[in-house]
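Novice: Below you'll find the structure I mean.
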Amino acid sequence: MNESIHGERTASELQDRVTELIEQQTAISEVLRAIASSPHDLQPIFDAILDSATRLCRADVCSLRLSEEGGLRRVAMRGDPLLVSQVWSSFPVLAEKGSHLSRIATSRLPTHIPDFTAVEGDLRDDFWGFRTSLFVPLLKDNEIVGMISLGRKQVQPFTDKQISLFRDFAAQATIALESTRRERQYREAQMALAHANRVATMGQLTASITHEVNQPITAAVTYALAARRFLSADPPNFREVDDALSLIVKEGNRAGEVVERVRALIKKVPARKDAVAIDDAILEVIALTRAEAANNSVSVRTQFAEGLPPVQGDRVQLQQVMLNLIVNAIQAMSGIGEGARELQISIDAVPSEGGVRVGVRDTGPGLSPESLSRLFEPFYTTKPEGMGMGLSICRSIIEAHGGRDIEQSPSSKSIL
C-alpha cells in the first residue's frame, strides 16, 4: 500500500516537473518569436518577456528594468491593468544607485519578500501596491544588466519551485535580450556606415549638385528681369509678366526639389519600411546625377516596365544603392578614350517573387576575374581614392530588404 502511494506521488511529482518545463520552454519560445517578428523594436520583446514571466509564476504584475549609468530604468510593465497604472505612477522610472531596488540588484541573487507588511523600515513604503514580491537580477558574466520584478496583490509567497523556475527563465531571457542588444548595435553601426557612405558619395557630386541648383536659380533671375522689362513697357505687358512669374515659380520649385532630394539622402534617419514606388525613387537619383553624367559625356537611358508594383523598404537606403551604382558606372566610363558611354537603367516586375528587378548596365572597360570575385569584400577597391565600402554596403542593404545578391558580369552591372 505504501509503495503504491509512493509510486503515485513520484509519478505526480514527475508530471508536475514535466509541466513546469513545458511552461518554461513555451515562455522562452514566445520571447524568441517576439525577437524574430520585431528584431528592430525592443518594446514587443520586453512585453513578451513580462507576459511570459507573469503567466509562468502566476503573478499579478511584472516589471523589467535595465541597467544604465544612473541606475535601473524601467522599460516595461505588464499585468493587472489597474495595478500596473498605480505602480507606474507611484514608482520612479529610474531607480537610482543607492535606492532599495538598486541594492536588491547588487545582491545578484533572487530576493523573495513573502509579505511586505512584515518588512520594517522604508522598504515597505517604497513598494506600495504589492503584498508579495520576487526580484531576480539579470546577469551577464556576473554583471547586472537588469532586473525583473514580480508582484502579487495578496499575501501568497512564491514557492521554491517557482523561484527556481523563474530564475532559469530569467537567465534565458537575459541571453535573448543580450542577443537582441548586440543585433541592434550591429544594425546601428551599419546605419552609421551607410550614412557616412551617402555623405561621401554626395560629396563627390558637389559640383554637379551645385550646377543642378544654379540652373533653376539662374533661370528664375532671367525671368524676373524679363518681367521687369514687360512692366516698364508702355503700356505694360501684363500677360507676359504673368507668364514670367509662372516660370519663376516653376524654377523655384525645381531648385527646391533638388535641395530636398539632397537633404533626404544626407539626413541621418532610422530605417523604415514603407511602400516605395521604385521607379519614382530611381528617377530622383537619376535627376541628381544628371549633371555628373553630362560632364563625363555619359548618356543615360531608362527602360521601366509598366504597372510596376510598389516594394516594401526604406526609400533612402534603396536610393543609396542606386546612387552608388550610377556613380560607379559613370566613373568607370570616364576613362574611355573612344566609344559610346552609355548607362542603361531598367526595371522589370518579377511576379513569381512579388518584387522587381533593377538593372544598371554600362559600357565601361569591365572587371578582371580577380576583381569580380572580390568586388563585395569590405575595403576592397579598384579605385586609387576609393574606400572599398560602397558595394559592400549596397549588398547588405539589398539583403536586408529580402533581395538577392547583386550580380556582376565583367562588362556590366546588374542588381536583383
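Novice: Among the numbered criteria (1) loosely packed, with under 15 Cβ neighbours inside 10 Å; (2) in contact with a strand residue (DSSP E or B) (Cβ under 7 Å, 6 or more places away or on another chain); (3) assigned to a helix (DSSP H, G or I), which one does residue 170 miss?
Specialist: Among (1) loosely packed, with under 15 Cβ neighbours inside 10 Å; (2) in contact with a strand residue (DSSP E or B) (Cβ under 7 Å, 6 or more places away or on another chain); (3) assigned to a helix (DSSP H, G or I), the lone unmet condition for residue 170 is (1).
Novice: Could you tell me whether the stretch 81-92 includes any residue that is touching a helix residue (DSSP H, G or I) at 6+ places or on another chain (Cβ under 6 Å), without any contact (Cβ under 8 Å) to a residue 40 or more places away in the chain, of a type outside the set (Phe, Trp, Tyr) and surrounded by 15 or more Cβ atoms within 10 Å (Cβ to Cβ)?
Specialist: no
Novice: Looking for something outside any helix (DSSP H, G or I), touching a helix residue (DSSP H, G or I) at 6+ places or on another chain (Cβ under 6 Å) and open to solvent by 30 Å² or more (accessible area, probe 1.4 Å) - is there at least one such residue anywhere in the stretch 226-239?
Specialist: Narrowing the stretch 226-239 to residues outside any helix (DSSP H, G or I): 233-237.
Pick out the ones that are also touching a helix residue (DSSP H, G or I) at 6+ places or on another chain (Cβ under 6 Å) and you get 237.
Next cut, open to solvent by 30 Å² or more (accessible area, probe 1.4 Å) only: 237.
Yes; the residues of the stretch 226-239 include at least one that is outside any helix (DSSP H, G or I), touching a helix residue (DSSP H, G or I) at 6+ places or on another chain (Cβ under 6 Å) and open to solvent by 30 Å² or more (accessible area, probe 1.4 Å).
Novice: I'm told residue 142 meets every condition in (1) open to solvent by 40 Å² or more (accessible area, probe 1.4 Å); (2) over 34 Å from the mean Cα position of the chain (by Cα) except one. Can you identify the failing condition by its number?
Specialist: Unmet for residue 142, out of (1) open to solvent by 40 Å² or more (accessible area, probe 1.4 Å); (2) over 34 Å from the mean Cα position of the chain (by Cα): (2).
Conditions tested, residue by residue: (1) open to solvent by less than 50 Å² (accessible area, probe 1.4 Å); (2) touching a helix residue (DSSP H, G or I) at 6+ places or on another chain (Cβ under 8 Å); (3) at pLDDT 85 or above.
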position: 291; (1), (2), (3): yes, yes, no
position: 295; (1), (2), (3): no, yes, no
position: 299; (1), (2), (3): no, yes, yes
position: 306; (1), (2), (3): no, no, yes
position: 309; (1), (2), (3): yes, no, yes
position: 313; (1), (2), (3): yes, no, no
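Novice: Condition first: at pLDDT below 80 and basic (Lys, Arg). Now tell me which residues in the stretch 240-289 satisfy that.
Specialist: Across the stretch 240-289, the qualifying residues are 261, 263, 267, 268, 272, 273.
Novice: Check residue 261 against each of (1) surrounded by 13 or more Cβ atoms within 10 Å (Cβ to Cβ); (2) among the charged types (D, E, K, R); (3) over 22 Å from the mean Cα position of the chain (by Cα) and name the one condition it does not meet.
Specialist: Going through (1) surrounded by 13 or more Cβ atoms within 10 Å (Cβ to Cβ); (2) among the charged types (D, E, K, R); (3) over 22 Å from the mean Cα position of the chain (by Cα) one by one, residue 261 breaks only (3).
Novice: Here's another thing I want to ask about it. Just for the stretch 336-351: of the residues that are open to solvent by less than 70 Å² (accessible area, probe 1.4 Å) and not in a strand (DSSP E or B), which one is farthest from residue 200 (Cα to Cα)?
Specialist: Going through the qualifying residues, I end up with 339.
Novice: Have a look at 28, 22, 104 and point out the one that is at pLDDT below 80 and either touching a His at 6+ places or on another chain (Cβ under 9 Å) or surrounded by 18 or more Cβ atoms within 10 Å (Cβ to Cβ) (or both). Write out each step before concluding.
Specialist: Values: 22 fails: either touching a His at 6+ places or on another chain (Cβ under 9 Å) or surrounded by 18 or more Cβ atoms within 10 Å (Cβ to Cβ) (or both); 104 fails: at pLDDT below 80.
One residue alone meets the criteria, 28.
Novice: Next question, about the same structure. Going by the conditions given, is residue 254 outside any helix (DSSP H, G or I) and over 22 Å from residue 345 (Cα atoms)? Write out each step before concluding.
Specialist: Numbers: outside any helix (DSSP H, G or I): no; over 22 Å from residue 345 (Cα atoms): yes.
In short, no.
Novice: What is the one condition in (1) open to solvent by 10 Å² or more (accessible area, probe 1.4 Å); (2) among the small types (Gly, Ala, Ser); (3) in contact with a Leu (Cβ under 8 Å, 6 or more places away or on another chain) that residue 329 does not satisfy?
Specialist: (1)
Novice: Okay, next question. Which strands (runs of 3 or more DSSP E) does the stretch 41-159 wholly contain that include 2 or more residues that are closer than 13 Å to residue 170 by Cβ?
Specialist: On the way: elements: 61-68, 71-79, 94-96, 111-113, 132-140, 143-152.
Strands (runs of 3 or more DSSP E) meeting the threshold: 61-68, 132-140, 143-152.
Novice: While we're on this one: Residue under question is residue 360, and the condition is that it be modelled with pLDDT of 85 or more, open to solvent by less than 30 Å² (accessible area, probe 1.4 Å), closer than 18 Å to residue 205 by Cβ and within 32 Å of the chain's Cα centre (by Cα); does it hold? Please lay out each step first, then the result.
Specialist: Values: modelled with pLDDT of 85 or more: yes; open to solvent by less than 30 Å² (accessible area, probe 1.4 Å): yes; closer than 18 Å to residue 205 by Cβ: yes; within 32 Å of the chain's Cα centre (by Cα): yes.
So residue 360 fits the description; yes.
Novice: Give me a count of the residues in the stretch 63-118 that are touching a Leu at 6+ places or on another chain (Cβ under 9 Å), of a type in the set (Phe, Trp, Tyr) and closer than 17 Å to residue 50 by Cα.
Specialist: The qualifying residues number 0.
The values are calculated or read from the model by the stated rules, or taken from the named source; none is laboratory data. Bear in mind that the values here come from a model prediction, so they are computed numbers and not experimental data. Quick reminder, even Gly has a Cβ in these numbers, built from the backbone with ideal geometry, and neighbours come from all protein chains shown. Remember, those area values only see protein heavy atoms, side chains included, never the ligands or the DNA or RNA. Shrake-Rupley method; radii C 1.70, N 1.55, O 1.52, S 1.80 Å.
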